[in-house]
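Read the structure below first, then the notes.
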Amino acid sequence: MILGKIIGTVWSTRKEETLVGAKFLIVRQVNLKYEEKENFIVAVDSVGVGLGEIVLVAQGSSARQTTFTKNKPVDAVIMAKVDKLDITKV
Amino acid sequence: MILGKIIGTVWSTRKEETLVGAKFLIVRQVNLKYEEKENFIVAVDSVGVGLGEIVLVAQGSSARQTTFTKNKPVDAVIMAKVDKLDITKV
Amino acid sequence: MILGKIIGTVWSTRKEETLVGAKFLIVRQVNLKYEEKENFIVAVDSVGVGLGEIVLVAQGSSARQTTFTKNKPVDAVIMAKVDKLDITKV
Amino acid sequence: MILGKIIGTVWSTRKEETLVGAKFLIVRQVNLKYEEKENFIVAVDSVGVGLGEIVLVAQGSSARQTTFTKNKPVDAVIMAKVDKLDITKV
Amino acid sequence: MILGKIIGTVWSTRKEETLVGAKFLIVRQVNLKYEEKENFIVAVDSVGVGLGEIVLVAQGSSARQTTFTKNKPVDAVIMAKVDKLDITKV
């Protein structure tokens, strides 16, 4: 999974019919200090997160392993809200 | 999903037999200001979009989760036309 | 799908048993002017293409959605020969 | 698979319901001398590893081929702890 | 598929139980002149190859389409030993 930060929303009226009701969030990838990187992806929310929150995003077919995304054309899902990271210098 | 802009069409007469009727569009990836990046992909249209429109593209096996693309050798599908982005500086 | 140009062939005697008869082509990725990029991939041909031709390549599990590649360990398939591109400056 | 080093843990209370009990580890990619690269991923542990250990990570749908990850929205799994590498200069 | 050269072996005692007996090889990606690139991946051998040999590697779910790798958490498999490349300047 990648680590990201919710920075916005995508509005879409015309979309694949199975996607009605989907919430598309813009997730910017962050490093371990939560500093934003340049790249971003659009992911469907499966846990209920808000702007500025740090999340984990699963991609590929794994993005379809939630009740809402099952059998739908989405390749990225937010499957966890991150509380904190424990990093150890080894 | 990645964010892209429709910039053209691919014409193909000889193709895998299940792909007859497929509309292959050229999608250039864009940033959050809709500025075009260098890289592009070719995707099948599942929602009916036109030149210059901003879209979301799902890739991998998720690209086959639409009525038209099911069981076909395509790895990228346009599954939403983007109306607008709401970006929040957090 | 990515856009590529056929530049060669891979000869392989010892391979996974289901791949006997497979034609492995070397596809160099090209830009929209058909100029070759540095990176290349090896793909199985499902449509019958020749040297120098421009093609579309589908990757991942989508590469197994053709009669020949079904259930085989290949992750890239040539599924269309490109006649031409229509690019519009929007 | 990629080669990585366990450098930390992700704490998450709110997550997809099937992921309760999952242990999310932060894995920094390393080179063949075990020197850390910049990029990292978050992976589920299926073998029981600890901080500083070198591991192999499988990604994509292959990450769901373990008893714990089956049918769950995770795209990276630690499936082996590395004892050592034998590198030969050929 | 990507083109690579076998440069070593990964030793692992503790691993996912279905992987007992798996042979993990270190494959460095090469260019068309067989010159080694910086990046490498670890792949399971399905054809019986040795150090210094040039191979093709299939990734993702396609890596599980061999008798040994079926339903196992591996995302890269060596599915062909390369005899030679025929490159044509077009």
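Some points to look at:
- Listed by chain and number, the aspartates and glutamates whose C-alpha is less than 20 Å from the C-alpha of B:K70, apart from same-chain residues fewer than 8 away, are A:E16, A:E17, A:D75, B:E16, B:E17, B:D45, C:D75.
- Shielding of peptide E:17-25 by partners, expressed as the average count of other chain Cβ atoms within 10 Å per residue Cβ, is 3.
- Cβ-placed point charges (K, R +1; D, E -1), dipole of the range B:2-81 about Cα centre in debye, nearest 20: 120 debye
- Taken as Cα centroids, the range E:55-78 and the range A:18-90 sit 27 Å apart, rounded to the nearest whole angstrom.
- Exam field: B:I87 pseudo-label spacings to other copies (7 Å along Cα-Cβ), nanometres: 2.5, 2.5, 4.0, 4.0
- Of all DSSP-defined beta bridges confined to the protein assembly as shown, some 95% are antiparallel rather than parallel.
- Applying the Karplus relation 6.51 cos²θ - 1.76 cosθ + 1.60 with θ = phi - 60° to the range A:48-55 yields 3J(HN,Hα) values of x, 10, x, 4, x, 6, 9, 9 Hz, where x marks Gly and Pro.
- In sequence order, the range A:36-41 has phi-based couplings of 6, 8, 6, 7, 9, 9 Hz under the Karplus curve 6.51 cos²θ - 1.76 cosθ + 1.60, θ = phi - 60°, and Gly or Pro positions carry x.
- Accessible-area value, E:K84, 1.4 Å probe, nucleic acids and ligands omitted, Å²: 100 Å²
- For chain A, the relative contact order is 29 percent, taking Cα pairs closer than 8 Å that sit 6 or more residues apart in sequence and dividing their mean separation by the residue count.
- Distances in nm from E:Y34 to the matching label points in the other copies, shortest first (labels 7 Å along Cα to Cβ): 3.2, 3.2, 5.2, 5.2
- Here's how it looks for A:E53: its modeled amide H is under 5 Å from those of A:I6, which are all 5 or more places away or on a different chain.
- Ordered from highest to lowest accessible area with the whole protein assembly present and a 1.4 Å probe, A:E16, D:E53, C:E36, D:E17 read as D:E17, C:E36, D:E53, A:E16.
- DSSP beta bridges in chain A [antiparallel fraction, %, rounded to 5]: 90 percent
- Calculated FRET efficiency for the pair C:E36/C:W11, C-beta based, R₀ 22 Å, to 0.05: 0.50
- Placing a label point 7 Å from Cα along the Cα-to-Cβ direction at D:E17 gives distances to the equivalent points in the other copies of 2.8, 2.8, 4.5, 4.5 nm, listed shortest first.
- Alpha-carbon Debye profile of chain C, log10 I(q)/I(0) at 0.16 Å⁻¹: -0.61
- Taking A:V44, C:V47 and ordering them by how much accessible surface each has at a 1.4 Å probe, largest first, produces C:V47, A:V44.
- Across peptide C:50-59, the mean count of Cβ atoms from other chains lying within 10 Å of each residue's own Cβ comes to 5.
- Per-residue HN-Hα couplings for the range B:11-28 [Karplus 6.51, -1.76, 1.60; θ = phi - 60°; Hz; x = Gly/Pro]: 9, 8, 8, 8, 8, 3, 4, 6, 9, 4, x, 6, 10, 8, 10, 8, 10, 8
- Note on D:R64: accessible area approximately 40 square angstrom, rounded to 10, probe 1.4 Å, nucleic acids and ligands left out.
- For the protein assembly as shown, the gyration tensor built on C-alpha atoms gives an oblate shape. Its axis ratio a/c (a ≥ b ≥ c) is at least 1.5, and a/b is not larger than b/c.
- Spin-label model, D:K70 to B:V20: label points 7 Å out along the Cα-to-beta-carbon direction sit 4.2 nm apart.
The values are calculated or read from the model by the stated rules, or taken from the named source; none is laboratory data. Small disclaimer: the values here were computed from a predicted structure and weren't measured. As a convention, Cβ positions derive from the backbone with ideal geometry for all residues, glycine included, and neighbour counts pool all protein chains shown. All accessible areas refer to the heavy atoms of the entire protein, side chains included, with ligands and DNA or RNA removed. Shrake-Rupley method; radii C 1.70, N 1.55, O 1.52, S 1.80 Å.
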